[in-house]
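Note sheet for the following structure.
The values are calculated or read from the model by the stated rules, or taken from the named source; none is laboratory data. All values derive from a computational prediction rather than experimental measurement. Backbone-built Cβ (ideal geometry, glycine too); neighbour counts: all protein chains shown.
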Amino acid sequence: MQSPFSQLSERLNNRRFAVASNTQGLSGTGTVFHYHVDGDAILSTYQGGRICLGTQVGRIAGTIVPAASAFCPFL
């Protein structure tokens, strides 16, 4: 049986996801997130649309993934 960490790594590592719709935030249909998983650490970079470059980092803790992020919107 696989651990939740290895299952998450297989599903997220080196994958890209595009925003389909977001009427409330800065990310939008032009924003793409690129995820990497290393053990219980998750990191992503994102850019496009109104975002020039952003990063997120987090750790897997049970079913919760705490994260911090930073971004630089186009001015």
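Brief remarks on what is shown
- Wholly within the chain, strands (runs of 3 or more DSSP E) carrying at least 1 residues that are at pLDDT 65 or above and not polar (S, T, N, Q): 15-18, 32-38, 41-48, 51-59
- Pick from the stretch 14-38, criterion closer than 17 Å to A61 by Cα and touching a strand residue (DSSP E or B) at 6+ places or on another chain (Cβ under 9 Å), ranking: surrounded by the most Cβ atoms within 10 Å (Cβ to Cβ): V37
- Of the residues making up the stretch 39-57, those that are surrounded by fewer than 17 Cβ atoms within 10 Å (Cβ to Cβ), free of Cβ contacts under 8 Å to residues at least 24 places away in the same chain and out of contact with any Gly (no Cβ under 8 Å at 6 or more places or on another chain) are C52, L53, T55, V57.
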